[in-house]
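Student: Would you mind keeping the following structure in view while I ask a few things?
The values are calculated or read from the model by the stated rules, or taken from the named source; none is laboratory data. Note that this is a predicted model, so its numbers are computed, not measured. Remember, those area values only see protein heavy atoms, side chains included, never the ligands or the DNA or RNA. Shrake-Rupley method; radii C 1.70, N 1.55, O 1.52, S 1.80 Å.
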Amino acid sequence: MPTRRIAQIVHLKPSAVAAYKECHANVWPAVLQQIKECNICDYSIFFDNERTLFATFKYVGEDFEGDMQRMKANPKVREWWAMTDGMQESPIPGALGSAEGPGWWKVLDEVFYTE
């Protein structure tokens, strides 16, 4: 199965920039471990110094939906999401949070790729 590249955006509350950068400088080990166990690699989050966070990662597994359900089932991941969601504003209408609803980060369409 080919590697799946995923890119997404969400907005960062201006009051949360320092806290967001701080928590991502010290990501909880349980969260990092779950990311790896769910076949996600080469994961980066960028900030445009305005309000947009841009994330990109590669999915190298064979069951994306199943792996995302396993991610969602981890209590430490849910705790992490609750903390970081509070620092963000979703661009998705009706979004409730990373752990529920129609999604929190907006997935972007890939229009070009080259190695």
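Student: For Leu96 and Val27, compute 0.36 nm times the residue count separating them, minus their Cα-Cα distance, and round to one decimal in nm. Mind dumping the intermediate values first?
Tutor: Working: separation 69, 0.36 × 69 = 24.84 nm, distance 2.27 nm.
Extra length available between Leu96 and Val27 comes to 22.6 nm.
Student: Quick one: pull the percent of accessible area on the chain belonging to carbon and sulfur, 1.4 Å probe, ligands and nucleic acids left out.
Tutor: 53 percent
Student: Using a 1.4 angstrom probe, figure out how much accessible area the chain has per residue, in square angstrom, rounded to the nearest whole.
Tutor: Spelled out: the 1.4 Å probe surface of the chain, per residue, equals 63 Å².
Student: Let me ask something else about it. Using only alpha-carbon positions, what ratio does the radius of gyration of the range 4-108 give when scaled by 2.2 N^0.38 Å?
Tutor: Against the compact-globule rule of thumb, the ratio is 1.02.
Student: Comparing Asp85, Asp67, Asp42, which has the greatest mean-square fluctuation in the GNM of the chain with Cα pairs linked when under 10 Å apart?
Tutor: The residue with the greatest mean-square fluctuation here is Asp42.
Student: Could you tell me the accessible area of Glu65 in Å² (1.4 Å probe, neighbours in place), rounded to the nearest ten?
Tutor: Here the accessible area works out near 120 Å².
Student: How long is the gain from Met83 to Thr52 if the chain were fully straight, where each residue apart is worth 0.36 nm and the alpha carbon distance is subtracted?
Tutor: Computed gain between Met83 and Thr52 is 9.4 nm.
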